[in-house]
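The values are calculated or read from the model by the stated rules, or taken from the named source; none is laboratory data. Because the structure is a prediction, the values reported are computed rather than measured. Counting neighbours? That spans all protein chains shown, and the Cβs are built from the backbone with ideal geometry, glycine included. These accessible areas exclude ligands, DNA and RNA; they are computed on the full protein's heavy atoms, side chains included. Shrake-Rupley method; radii C 1.70, N 1.55, O 1.52, S 1.80 Å.
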Amino acid sequence: MTPKSFLRGMRNVTIAVAVAGSALLFGGGVAQAAPAAAAPAPLAARTLVYNASGAGQFSATADQAVGIWNQRVPNIHLQKSGSPTIYIYVTNSGGSRAYVQGLGRGTVYIDTTQVNQGHSPLRILAHELGHILGLPDNYNGNCAILMSGGSAGTSCTNPYPSSAEASRVNQLFSFAPALAGKDEAFVAPVCHVY
């Protein structure tokens, strides 16, 4: 290729680019941008049904704990009517605990012995519900972390999940419609003690 033919080729490329750019600027429509993809529709909250009729004197407290989770996590809605997947009972031995049988399924026990020792019943129930919603224990003693449970001591009454805890539950339930009824990630029941 001679320098003269190279320059001729470059001139033709320059002219083509200039024509295309002018057409775009002045509405000639030589090139069209693809329309932006529509944002995916937000998922509806997954409804979880709970039954606190076995919670005795802590039935109203269980309702409060449910309300906290409903306020903090948009991808779930816990309610009383329907076929329950979450059961809440009062006991007087064995410690407060949750038996997890899948994401959004399981049984919670609140132990009156721990309440009588000074632990907040609302914190206990919100903590145990956290297990049913997919959170593990985090016994670091930090009262700001709901899943620190009893390790934060009896002076800790914080019943609210931290933003990281709420975000994790929200993330877990963002996939919930696809996982509903399948729970492949939860092979065996798990017990968590407060």
Long-range amide H partners of THR47 with built H, under 5 Å: HIS77
Vicinal HN-Hα couplings computed from phi for segment 56-66 (Karplus, 6.51 cos²θ - 1.76 cosθ + 1.60; Hz; Gly/Pro x): x, 5, 9, 4, 5, 5, 4, 4, 5, 4, 4
Distance in nm between pseudo-label sites at THR113 and SER53 (7 Å out along the Cβ direction from Cα): 2.8
Kirkwood Rh (inverse of mean 1/r, distinct Cα pairs), segment 61-154, angstrom: 13.4
In sequence order, calculated HN-Hα J values of segment 101-107 (Karplus, 6.51, -1.76, 1.60; Hz; x Gly/Pro): 10, x, 5, x, 9, x, 10
Note, ³J(HN,Hα) from phi for segment 82-93, Karplus 6.51, -1.76, 1.60, rounded to Hz, x at Gly and Pro: x, 8, x, 10, 10, 10, 10, 10, 9, 9, 10, 6
Where segment 47-136 is the region considered: accessible area per residue in Å², 1.4 Å probe: 37
Solvent accessible area, Å² - ILE76, 1.4 Å probe, full protein context: 10
Accessible area of TYR109 in the full protein assembly, 1.4 Å probe (Å², nearest 10): 60
